[in-house]
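Below is one structure, written out as structure tokens, with a few remarks after it.
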């Protein structure tokens with residue numbers, strides 16, 4: 001049998017990434033944390049479950065959703081009254097539009113700045129205890 005070569009891939013935390021934050025003025029902003037919270041509410045149907053997935057309390061998650069609901073003309077998340085399993089939360093069409101628009105802006109920003117990010121990465125020193133190749 002021949003030799004099998006295993007290529008090491010960088011850990012997610014070691015990869016270069018770009019984070020987008022949009023400041024609307026008046027202490028109103030949206031960034032990766034709020035957008036991810038909306039995505040997780042979509043996935044779980046629950047503010048508390050989404051908050052837990054982001055290692056935040058229900059109160060902290062609820063305050064962020066309340067902030068978003070007051071920031072935009074229409075609600076971003078609404079409460080859903082439920083039967084036996086209790087209620088939940090639903091990301092509205094406006095909320096889904098916000099996620100879609102944010103992710104598209106993020107994708108475009110990343111694409112537009114890829115050469116500069118590669119150059120910056122090449123200028124980095126090696127993390128403690130590692131050699132860069």
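The values are calculated or read from the model by the stated rules, or taken from the named source; none is laboratory data. Keep in mind that what you see is a predicted model, and the values were worked out from it rather than measured. As a convention, Cβ positions derive from the backbone with ideal geometry for all residues, glycine included, and neighbour counts pool all protein chains shown.
Values as computed for the structure displayed
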{"quantity": "Qualifying residue in the range 32-46 (condition: farther than 30 Å from residue 126 by Cα and loosely packed, with under 13 Cβ neighbours inside 10 Å)", "calculated": "yes"}
{"quantity": "Qualifying positions in the range 87-123 - part of a loop (DSSP other than H, G, I, E, B) and either at positive phi or touching a strand residue (DSSP E or B) at 6+ places or on another chain (Cβ under 9 Å) (or both)", "calculated": "87, 92"}
{"quantity": "First in the range 66-79 and at negative phi and in contact (Cβ under 8 Å) with a residue 40 or more places away in the chain, second anywhere and surrounded by fewer than 16 Cβ atoms within 10 Å (Cβ to Cβ) and not in a helix (DSSP H, G or I), Cβ under 7 Å, 6 or more apart", "calculated": "71/28"}
{"quantity": "Output for the range 71-91, where each listed residue is over 15 Å from residue 50 (Cβ atoms) and either surrounded by 11 or more Cβ atoms within 10 Å (Cβ to Cβ) or in contact with a helix residue (DSSP H, G or I) (Cβ under 9 Å, 6 or more places away or on another chain) (or both)", "calculated": "71, 72, 73, 74, 75"}
{"quantity": "All positions within the range 25-43 that are touching a residue at least 40 places away in the same chain (Cβ under 8 Å) and over 19 Å from residue 107 (Cβ atoms)", "calculated": "28, 41"}
{"quantity": "Tabulated pairs, the range 94-110, first under 16 Å from residue 75 (Cα atoms), second at pLDDT 95 or above and surrounded by fewer than 16 Cβ atoms within 10 Å (Cβ to Cβ), C-beta under 7 angstrom, 6+ apart or interchain", "calculated": "94/74"}
{"quantity": "Unmet criterion (only one of (1) modelled with pLDDT of 95 or more; (2) touching a strand residue (DSSP E or B) at 6+ places or on another chain (Cβ under 9 Å)) for residue 79", "calculated": "(1)"}
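This table checks each residue for (1) in a loop (DSSP other than H, G, I, E, B); (2) more than 12 Å from residue 91 (Cβ to Cβ); (3) at pLDDT 95 or above; (4) touching a strand residue (DSSP E or B) at 6+ places or on another chain (Cβ under 9 Å).
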| position | (1), (2), (3), (4) |
| --- | --- |
| 7 | yes, yes, no, no |
| 33 | no, yes, yes, no |
| 40 | no, no, yes, no |
| 52 | no, yes, yes, no |
| 60 | no, yes, yes, no |
| 64 | no, yes, yes, no |
| 69 | no, no, yes, yes |
| 75 | yes, no, yes, no |
